[in-house]
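Coordinate-derived values only; no laboratory data. Fair warning: this is a prediction, and the values are worked out from it, not measured in the lab. FYI the Cβ positions are ideal-geometry reconstructions off the backbone, even for glycines, and counts take in every protein chain you see.
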Ligand code: F6P
């Protein structure tokens, strides 16, 4: 089985109504899986038995199981950076041994985790104070993986918050930090500088601005700063004492880092015990991914559905649609996870990729998206596979009628995508409204839903820290499996480098200290317009 065979299967499937697959009794059971409080339904896709076994053999032929084991063993599978990939160690139980280059990394992981917990307890209890007393506000300054994970997690688990208020600054646009700091008291604010490299220009610019802001009111601002980084030398240079520096190793990629020090803001928000539950959820998904047969393995199944839709059927994008307001940043988080990991045109061995790279991932929480872009999803010419998510319960029992409406909307959308509405039915509706002849036909055509549009639904009971941990690890491993099948390295991100280099080179030009000579005509004109405004 290879990508050419997959394309042939997809060509056969193009005209097959998904609804017809439900004529086989038991389809919903056969094309769904349960694991530890999660239910993944992929029966509303155009995958039948034959497609499923072809996809599974693709996973076998590309050595998914062996590569998964290599990742967990600490092998240097990030070959373009010469690194292991062991973010799973950050959520592993204290008692296990995980070796990189022969050395057990777990004592270091556990020691840092314990230091984070001690610091968190001090901040939450008021043992650690600012110049003006107990910490009321925490500002996490970071970008990309040093922002999206914590910001997503803090919002997702807001019903568990019992610590200080948490704020996030990521954009180098001064508006972001100005608006965030405007209402804060520097004397009771803790600033966390989250940067794996401690070198990212956006983060370091914001961190310096925050330190200047604090210095106006606080005699030793460095005392109200903490750092989350792999670069001890740079954190010391910035003036942050080692006891408030929480380090991690280069085998944790930025977009996979919220399980360790980068998750400090989340730990401060919900407390160390809840944070541990989040880690346990991730560890449970790791165990499932390592042990379950490929055909019952949730990350593998999500990956195969993704490969079928994008590389097989040729659908360009994937919408992630959580029916859970608190998961409002999940689409952005998954966008980085998928697009920074698998948005690559070169295979691990340096050759051209033999198929399309990973898809565009986007989305918004339901029901808001329904009143924005679902029009295109239902009636546009592009087919967008939709990945719905819904909790069986919400955290507001007193507002249960809201939740039932939310669930009804979620299920209605996947049903509408599956079944659509025929021209015949639309004609009946228009006739009932009194339309006749040509006008009836014209109006009816606007009301047709082609249907036969694929979707999956992930159901969980309640969005607890444990569930969130499971869901995030599920998606991490899904992206890994997709990357293995595509034959690329999901753990580097060379594609962000060129823009960074050019931005640094443009700064002296914008400062008026260097000429724009050598720049292309468009860039020169844009510089002129901006400088003369
Ligand atoms: O955008 C590139 C990137 O390297 C991401 O992978 C990373 O999450 C982000 O920048 C932030 O990097 P750092 O944590 O080193 O500041």
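May I ask you to compute the full-extension gain from residue 208 to residue 356, defined as 0.36 nm times their residue separation minus their alpha-carbon distance, rounded to one decimal in nm? The partial results should precede the final answer.
Details: separation 148, 0.36 × 148 = 53.28 nm, distance 4.13 nm.
Length difference between fully extended and current span is 49.2 nm.
How long are the semi-axes of the equivalent ellipsoid of the chain, taking √(5λ) for every eigenvalue λ of the Cα gyration tensor, in whole Å from largest down?
Details: eigenvalues 342, 156, 136 Å².
Listed largest to smallest, the semi-axes of the chain are 41, 28, 26 Å.
Once the piece of chain linking residue 81 and residue 61 is laid out straight, how much longer is it, given 0.36 nm per residue of separation minus the C-alpha distance between them?
Numbers: separation 20, 0.36 × 20 = 7.20 nm, distance 2.53 nm.
Contour length minus the Cα-Cα distance gives 4.7 nm.
For a test of the definition: using alpha carbon positions, the gyration tensor, and the 1.5 limit on a/c, classify the stretch 102-270 as rounded, prolate or oblate.
Values: a/c = 1.37, a/b = 1.27, b/c = 1.08.
Judged from the Cα gyration tensor, the stretch 102-270 comes out rounded (a/c under 1.5).
Please report 285, 204 as a ranked list, fewest other C-beta atoms within 10 angstrom at the top and most at the bottom.
Details: 285 26, 204 18.
Exposure proxy ranking, most exposed first: 204, 285.
Label-to-label distance, residue 219 versus residue 447, with points set 7 angstrom from Cα along the beta-carbon direction: 7.6 nm. Taking Cα atoms only, the orientation of helix 49-61 departs from the longest principal axis of the chain by about 40 degrees.
Give the order of 80, 464 when sorted by the count of other beta carbons within 10 angstrom, beginning with the fewest. If you can, show how the numbers build up before the last one.
Details: 80 15, 464 21.
Fewest-to-most Cβ neighbours within 10 Å comes out as 80, 464.
Rounded if a/c is under 1.5, else prolate if a/b beats b/c, else oblate: with a ≥ b ≥ c from the C-alpha gyration tensor eigenvalues square-rooted, which is the stretch 394-483? Numbers along the way, then the final one.
Values: a/c = 5.85, a/b = 1.97, b/c = 2.96.
Oblate, because a/c is 1.5 or more while a/b does not exceed b/c.
Each DSSP beta bridge with both residues in the stretch 127-233 is either parallel or antiparallel, and the antiparallel ones are about 10%.
Give the shape of the stretch 17-131 as rounded, prolate or oblate, defined through the alpha-carbon gyration tensor: a ≥ b ≥ c are the square roots of its eigenvalues, a/c under 1.5 means rounded, and otherwise the shape is prolate if a/b is larger than b/c and oblate if not. It is oblate, given that a/c is not under 1.5 and a/b is not larger than b/c.
Taking 0.36 nm per residue of sequence separation and removing the Cα-Cα distance, the residue 2/residue 530 pair yields an extension gain of 185.0 nm.
Principal-axis analysis of the Cα atoms of the chain puts helix 298-307 at an angle of about 70° to the longest axis.
Set against the 2.2 N^0.38 Å expectation for a compact globular protein, the stretch 488-533 has a Cα radius of gyration ratio of 1.49.
Once the Cβ-Cβ distance of residue 400 and residue 371 is raised to the sixth power relative to R0 = 25 Å, the FRET efficiency obtained is 0.65. Sorted ascending by nearby beta carbons within 10 Å, beginning with the fewest, 479, 509 become 509, 479. Under 17 Å from the 7 Å Cα→Cβ point of residue 504, by amide nitrogen: which residues of the stretch 230-254? Those under the cut-off are 231, 234-235.
Secondary structure note: in the chain, about 35% of the DSSP beta bridges are antiparallel. The simple spin-label model puts a point 7 Å past each Cα toward its Cβ; for residue 429 and residue 115 those points are separated by 6.1 nm. Between the Cα long axis of helix 330-342 and the first principal axis of the chain there is an angle of about 90°, rounded to the nearest 10. Taken as Cα centroids, the stretch 283-333 and the stretch 458-489 sit 6 Å apart, rounded to the nearest whole angstrom.
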